[in-house]
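Student: I have a structure here, written as structure tokens, and I will follow up with some questions on it.
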Amino acid sequence: MSQPASFTSHIWDTSDLYRNAVEQLVEASQTMNLDGNVAERLKYPKRALIVSVPIRLDDGTVKVFEGYRVQHNMTLGPGKGGIRFHHDVNLSEVAGLAMLMTFKCSLVGLPLGGAKGGIRCNPNDLSRQEHQALMRRYTTEINMIIGPDRDIPAPDVGTDGQHMAWMMDTFSQNRGFAIPGVVTGKPIEIGGSLGRAESTGRGVVYCVQHAAKHLASIGKPTPKIDSSTTVAVHGFGKVGAVAALEIHQLGCKVLAVSDYLGGLYNKNGLNIPKVLEYLAKNRTIVGYPDAEPITNEDLLALNVDVLIPAAIDGVITKDNVGKVKAKIISEGANGPITTEAIKELEDRGVFIIPDILANAGGVIVSYFEWVQGLQSFFWNESQVNEKLAEVMSNAFKRVVEIQAQYKCGMKTAALIAGVDRLDRAMRLRGLFP
Ligand code: NAD
């Protein structure tokens, strides 16, 4: 069996996120003794499209934004992955996120490949009309590589169901008929799935419950996930806010939450439904009355049982990992902990639920949405949640079994679970031509 070759790209590896994803892939490949030819192919995306997205701003001037869509691997099915609006988005980061999507879809057993997209912009500085113009023009520019059987976008940081509605409408207008299957995370009225909006945060919390049961079953001291459990949530968006609400509803004390402007702390636990009401009125949590302010950096260092980083990648690094005191970390965001920091945390006995497992709830229910749309037959929310819980539970079990088999960390185990299925599929399909 050949060994994985060294990484030789000059294009892809310019972001920490991509480099971290490749480092984790190499570690998993070596641990599982993966065929070097397969490992070599997995280090590079299949294809990428860079587009210029010109729009007329509200003040009448024209501004050109840079947009990307990267398809990492489509062995198992059409590409799947969100569209990110963020000022730091770049080709390499999108490629790294696409790679994580490949392993995530494979890990949870979906017939989907990995893709991701993004536009380099500051979503907070744009009006609703500018968001719409950006989304519609971007859709037109990438329309030749997306579609229900090619590549199916979804929301990510800075985008939501409304963006998916504009994307679906633009794609459909170009073809002349409604094509709801081109995106997931759509509003219910145009073919979205019940439970999709909550699915990622819900999955993050299912994983925390599984982790507590697992740790107890192997005799490790562990929080019970009840009123004695303390939690901090970094990022209060589509993932973080739902995770905070779900874990609050289990009776846990959510001591702190934050958004990009700052955080809230209450030593007795925040009233999360009230924080959500405040957010809906004010577009930020900052200023919520029944709490003290806390910085994002101090939130990550709180002495809590459970930490949920659910904002953005690279927030726990070698520089601040020494301050992190949580016992369980469920990675709601993609890549919130760098490879070096993961090693240090795992050496200290912190139980990490890796991103491709913890936040897989979103793509699982996106898959359900796609399937429901293709059949034009929609399920009720309890059916969606029941199936989500079953897929997450099986994936969690598989990862801890692999961890025990290879005596490795959870991050490597999750990667192995994803790569293993893909490896078999890639070798069965062979290398074309
Ligand atoms: P979002 O835009 O809805 O929310 C992001 C939140 O993080 C906001 O509260 C924002 O203010 C905050 N934030 C942004 N930058 C920050 C910073 N530097 N410090 C502190 N807070 C910051 O995005 P989302 O959809 O919730 O995605 C969050 C993460 O979860 C991303 O890594 C995304 O890729 C990942 N994810 C999302 C989904 C999904 O279904 N939305 C699925 C899987 C993974």
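Student: Below 9 angstrom from the Cβ of Val70, what's the summed charge of the other residues (Lys, Arg +1; Asp, Glu -1)?
Tutor: Local charge sum for Val70: +4.
Student: For the chain, with the dipole built from +1 on Lys and Arg beta-carbon atoms and -1 on Asp and Glu ones, taken about the Cα centre, which of Thr159, Pro354, Gly79 lies farthest toward the positive end?
Tutor: Toward the positive end, the furthest listed residue is Gly79.
Student: Against the empirical 2.2 N^0.38 Å scaling, what ratio does the C-alpha Rg of the stretch 16-177 come to?
Tutor: 1.09
Student: If you plug each phi of the stretch 97-104 into the Karplus form 6.51 cos²θ - 1.76 cosθ + 1.60 with θ = phi - 60°, what whole-Hz ³J(HN,Hα) values come out, in order, with x for Gly and Pro?
Tutor: 5, 5, 4, 4, 4, 4, 6, 5
Student: Something else now. Work out, step by step, the length gained on full extension between Leu261 and Thr140: first 0.36 nm times the residue separation, then minus their alpha carbon distance; give nm to one decimal.
Tutor: Taking 0.36 nm per residue and subtracting the Cα distance, the gain is 40.3 nm.
Student: Once you've got the Cα coordinates, tell me which of Lys80/Lys327; Lys213/Lys253; Lys253/Lys323 are over 26 Å apart.
Tutor: Lys80/Lys327
Student: Now for a separate question. Just the accessible area per residue of the chain, please: how many Å² with a 1.4 Å probe?
Tutor: I get 41 Å² per residue for the chain.
Student: A follow-up question, please. Taking amide H positions as placed in the peptide plane 1.01 Å from N, state which residues far from Val257 in sequence (5 or more) or on other chains have amide H under 5 Å from it.
Tutor: HN-HN under 5 Å from Val257: Val233, Leu264.
Student: When the dipole is taken about the Cα centre of the chain, and only Lys, Arg (+1) and Asp, Glu (-1) are charged at their Cβ, what size is it in debye, to the nearest 20?
Tutor: Charge dipole, the chain, about its Cα centre: 760 debye, nearest 20.
Student: Let me ask another. What FRET efficiency do you get for Gln162 and Glu390 if R0 is 35 Å and r is their Cβ-Cβ distance, rounded to the nearest 0.05?
Tutor: 0.70
Student: Where q = 0.11 Å⁻¹, what log10 of I(q)/I(0) comes from the Debye formula for the stretch 313-413, counting one point per Cα?
Tutor: Reported log10 I(q)/I(0), two decimals: -0.43.
Student: I've got another one for you. Just to be sure I understand: of the beta bridges DSSP finds with both ends in the chain, what percent are antiparallel, rounded to 5?
Tutor: 50
Student: For the chain, which whole-number percentage of the solvent-accessible area (1.4 Å probe, protein heavy atoms only) is attributable to carbon and sulfur atoms?
Tutor: Carbon and sulfur together cover 51 percent of it.
Student: If you take the square roots of the eigenvalues of the alpha-carbon gyration tensor of the stretch 167-301 and sort them as a ≥ b ≥ c, do you get rounded (a/c under 1.5), prolate (a/b over b/c) or oblate?
Tutor: oblate
Student: Take the Cα radius of gyration of the stretch 198-273 and divide it by 2.2 N^0.38 Å, with N its residue count; two decimals is plenty.
Tutor: The reported ratio for this selection is 1.10.
Student: Less than 19 Å from a label point 7 Å out along the Cα-to-Cβ axis of Gln375: which backbone N atoms in the stretch 72-109 qualify, by residue?
Tutor: Under 19 Å, as judged by backbone N against the label point of Gln375, lie 78, 109 of the stretch 72-109.
Student: Apply the Karplus curve 6.51 cos²θ - 1.76 cosθ + 1.60, θ = phi - 60°, to the phi angles in the stretch 41-52 and return the couplings in whole Hz, x for Gly and Pro.
Tutor: 5, 6, 6, 10, x, 5, 7, 9, 10, 10, 10, 8
Student: Relative to the present Cα-Cα distance, how much length would full extension add between Asp58 and Asp226 at 0.36 nm per residue of separation?
Tutor: Answer, rounded to one decimal: 55.5 nm.
Student: Applying 1/(1 + (r/R0)^6) with R0 = 51 Å to the Cβ-Cβ distance of Asn271 and Arg424, what FRET efficiency is obtained, to the nearest 0.05?
Tutor: 0.55
Student: Bin width 20 Å, origin at 0, all Cα-Cα pairs of the chain: what percent of pairs per bin?
Tutor: The percentages, shortest bin first, are 27, 60, 12, 0.
The values are calculated or read from the model by the stated rules, or taken from the named source; none is laboratory data. Everything numeric in this text was worked out from a predicted model, so none of it was measured. A quick note on method: Cβ atoms are made from the backbone with ideal geometry, for glycine too, and the neighbour counts reach across all protein chains shown. Surface areas here come from the heavy atoms of the whole protein model, side chains and all, with no ligands, DNA or RNA. Shrake-Rupley method; radii C 1.70, N 1.55, O 1.52, S 1.80 Å.
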